[in-house]
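Below: one structure, written as structure tokens.
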Amino acid sequence: MKHLTKICIALILFFSLLVQGQGQKNYQPSPENLEARQWFQDAKFGLFVHWGVYSILGDGEWVMNNQNIPVDAYEKLPAFFNPIDFDAEEWVKMVKDAGMKYITITSRHHDGFSMFDTKASDYNIVDSTPYGKDVLKQLADACRKEDIKLFFYYSLLDWNRDDYYPRGRTGTGIPGRGEGEWKDYIEFMKTQLTELLTNYGDIAGIWFDGHWDQKEWDGKKFGKLKVDWHYDEIYKLIHDLQPQCLIGNNHHIAPIEGEDFQMFEKDLPGRNTTGFGTSESDIGQLPFEVCETINGSWGFNLQDRKHKSEKELVQYIVKAAGYGSNLLLNVGPMPNGKIQDEHKESLKQMGDWLRKNGETIYGTKAGPSGPTDEYATTQKGKTIYVHLLQNKDVVFMEGFNQRIKQITYYGTQQKVTHELNDYGLLLKIPEGRQDPIDTILEITLR
Ligand code: FHN
């Protein structure tokens, strides 16, 4: 009987590895890595950049798949890509002014085009565009000067290469895709990752994406994983090259061994309103990052006018912080290397807000009351910041049971009328004290 149980456990482990993919065995984060995780958790705000030759078509980064552009036709794009107005220092300045602490940029997206100088393929910005320069190198140099950390997004999925074979469930309508050997694809990725972690100085993290392309999908949920991503080797390679480098993988499942942070796409942790996101039961113990677009697109989209308002964006970072999470807010630069004015304006507004209220976000952890549509809380030591997100005269925070010394309006000595009872905390906020975006209160605990 005991023997049977052991076999069952081994089988369950075997199949769960097939579903998840095996990570870096016996991973023990180095002291530098743990320090980097702490920095990351305190940083709270970063810029996501989706930039590639797809920006020329102004229809997002999935245009090759969405328009079923044949491989040989798409391969004509690099010849038109000449972002002469790209100014890395200007980007970094914009990031700093926005109150952001790091940048995560696409080094290679699903279209397979590398935005950096790689020896692993000529299909890259240096060898195949009239521009001929490595934008990641320029950005790495500018970031280093200004103390902004740099992460590289790296697509696991590839619609261009023959050796991305077996193919996944996307890009199936793209004509001209070839057939090759999976082991060559793994070697290609390892070569590129080695370059990314050798030629650009200290890299704060690698942001993987595309794992889900190789999973069965019945239209509602993911099933079995069809390939071996060799995460055991890939994660080890990264940590051996740069132990502090934080690995995250947008696989939408619970963290795999060897990862250092967990991301949530277009959703607050565990909410999964998109339907393809990470479920609540898959929330792990690593630092969190939520990523979101300013309009509805990651890559530059000429027609997308659905730019989020200042209120929506500020409330999103506040709610993310209420979960103890970072916000990675996206821009899709234009083919000339500039960022569209509407998005620059949004980043400026975020920066203005954070200059006044950043203390209630940076370096905080999730507060005692989880975010709702009405409020979010963050905490630093004996101080709790309550962010009231709707204009109401009376707010009741159910279940709040901390030992309060005093409550004031943030940045003032003015007391807030309140009542703590067995059920929670009742706050009375006169109309004149309500802020249309976020009324912040400071609770000092005993
Ligand atoms: O397919 C990508 C998409 O283009 C974009 O990069 C986002 C960012 O989180 N991730 C994938 C979708 O899950």
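Values as computed for the structure displayed
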{"read-out": "Some residue of segment 177-189 being within 29 Å of Trp39 (Cα to Cα) and touching a residue at least 40 places away in the same chain (Cβ under 8 Å)", "value": "yes"}
{"read-out": "Tally of residues being within 15 Å of the ligand (Cβ to nearest atom) and among the small types (Gly, Ala, Ser) across segment 62-77", "value": "0"}
{"read-out": "Test: residue in segment 18-33 that is more than 30 Å from Gly223 (Cα to Cα) and basic (Lys, Arg)", "value": "no"}
{"read-out": "Residue in segment 141-156 that is open to solvent by less than 10 Å² (accessible area, probe 1.4 Å), modelled with pLDDT of 95 or more and closer than 22 Å to Asp72 by Cα present", "value": "yes"}
{"read-out": "Any chance Tyr316 is touching a residue at least 12 places away in the same chain (Cβ under 8 Å), hydroxyl-bearing (Ser, Thr, Tyr) and within 16 Å of the ligand (Cβ to nearest atom)", "value": "yes"}
{"read-out": "Members of segment 292-321 found to be of a type in the set (S, T, N, Q) and more than 15 Å from Asp59 (Cα to Cα), listed by number", "value": "Ser309, Gln315"}
{"read-out": "Residue within segment 131-140 that is without any contact (Cβ under 8 Å) to a residue 12 or more places away in the chain, away from the ligand (no atom under 16 Å from the Cβ) and either of a type in the set (S, T, N, Q) or surrounded by fewer than 18 Cβ atoms within 10 Å (Cβ to Cβ) (or both) present", "value": "yes"}
{"read-out": "Long-range neighbours under 6 Å by Cβ, at least six apart or interchain, first residue without any contact (Cβ under 8 Å) to a residue 24 or more places away in the chain within segment 398-426, second open to solvent by 90 Å² or more (accessible area, probe 1.4 Å)", "value": "Thr417/Lys428"}
{"read-out": "Asn249, sole failed condition from (1) more than 18 Å from Tyr323 (Cβ to Cβ); (2) within 18 Å of the chain's Cα centre (by Cα); (3) open to solvent by 10 Å² or more (accessible area, probe 1.4 Å)", "value": "(3)"}
{"read-out": "Hits in segment 275-312 - residues which are near the ligand (Cβ under 10 Å from one of its atoms) and open to solvent by 50 Å² or more (accessible area, probe 1.4 Å)", "value": "Phe276"}
{"read-out": "Exclusive hit being aromatic (Phe, Trp, Tyr), in contact with a Lys or Arg (Cβ under 9 Å, 6 or more places away or on another chain) and in contact (Cβ under 8 Å) with a residue 12 or more places away in the chain, set Tyr323, Tyr362", "value": "Tyr362"}
{"read-out": "So Ile294, is it farther than 30 Å from Val53 by Cα, under 18 Å from the mean Cα position of the chain (by Cα) and among the β-branched types (Val, Ile, Thr)", "value": "no"}
{"read-out": "Count of segment 36-61 residues which are within 16 Å of the ligand (Cβ to nearest atom) and assigned to a loop (DSSP other than H, G, I, E, B)", "value": "6"}
{"read-out": "Count of residues meeting criterion [hydroxyl-bearing (Ser, Thr, Tyr) and either part of a helix (DSSP H, G or I) or more than 26 Å from the chain's Cα centre (by Cα) (or both)] in segment 175-205", "value": "3"}
{"read-out": "Identity of the residue in segment 253-268, more than 12 Å from the chain's Cα centre (by Cα) and not acidic (Asp, Glu), that ends up nearest to the ligand (Cβ to nearest atom)", "value": "Ile253"}
{"read-out": "Every residue from segment 99-119 that is in a strand (DSSP E or B), under 22 Å from Gly168 (Cβ atoms) and within 13 Å of the ligand (Cβ to nearest atom)", "value": "Thr106, Ser107, Arg108"}
{"read-out": "Among (1) open to solvent by 20 Å² or more (accessible area, probe 1.4 Å); (2) closer than 29 Å to His230 by Cα; (3) free of Cβ contacts under 8 Å to residues at least 12 places away in the same chain - the single one Asn124 does not satisfy", "value": "(1)"}
{"read-out": "Answer residue from segment 206-233, given it is in a strand (DSSP E or B) and closer than 20 Å to Gly112 by Cα and is nearest to the ligand (Cβ to nearest atom) among those", "value": "Asp209"}
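The values are calculated or read from the model by the stated rules, or taken from the named source; none is laboratory data. Note that the coordinates shown come from a computational prediction; the quantities given were computed from them, not determined experimentally. Using ideal geometry, Cβ is built from the backbone for each residue, glycine included, and neighbour counts are taken over all protein chains shown. Only protein heavy atoms, including side chains, enter the accessible area calculation; ligands, DNA and RNA are left aside. Shrake-Rupley method; radii C 1.70, N 1.55, O 1.52, S 1.80 Å.
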